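Laboratory data are not the source of any read-out in this text; all were calculated from the coordinates shown. Remember, predicted model here, so these are calculated numbers, not experimental data. Please note: Cβ atoms are built from the backbone with ideal geometry, for glycine as well, and neighbour counts cover all protein chains shown.
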Amino acid sequence: MGKRIQPVAAASPASFGERLASLRKAAGFTQVELAAELGISQRMVAYYESPAATPPANLLPQIAAALGVSIDELFGVGAPKRRLAKQEGDSRLRRRLLAIEKLDVADKRQVLQLLDAFIERGQLKRKAESRT
């Protein structure tokens, strides 16, 4: 089990768990989605969001990367890392599209062909409905 880093008490009145929950919600993740992204259970995310808990140090870089913040910001220390403006739309869809980009070329081609087929079907359906 990894060593746990304790948050600096004077840096921020909020606990690590409160900051984690706030950052998770700002990034558009549910506990279940963040857990899947990190490869842990939803119960562990809920535990890390409790007032007295902190995740192991080896998990902190993954959490920070998933939420788009620095490790310092997770602990409320230092200046916040500049975040991308929150985009409109479905954040779950956006994360899935990013995951598709990481697939190998053959798998990515298959996924894109499937998406193209659904998009074309939807366009044809709309055209047929507008003619009636």
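Observations, loosely collected:
- Once the Cα-Cα distance is subtracted from the 0.36 nm per residue extended length, the GLN62 to GLN123 segment shows a gain of 18.0 nm.
- With an a/c value of 1.5 or above and a/b not larger than b/c for the gyration tensor axes a ≥ b ≥ c computed over the alpha-carbon atoms, segment 27-77 is described as oblate.
- J(HN,Hα) series, segment 115-132, from Karplus relation 6.51 cos²θ - 1.76 cosθ + 1.60, nearest Hz, glycine and proline x: 4, 4, 5, 5, 5, 4, 4, x, 5, 5, 4, 5, 4, 4, 5, 6, 7, 8
- Between LEU98 and ILE71, the FRET efficiency from the beta-carbon distance, with R0 = 25 Å, is close to 0.75.
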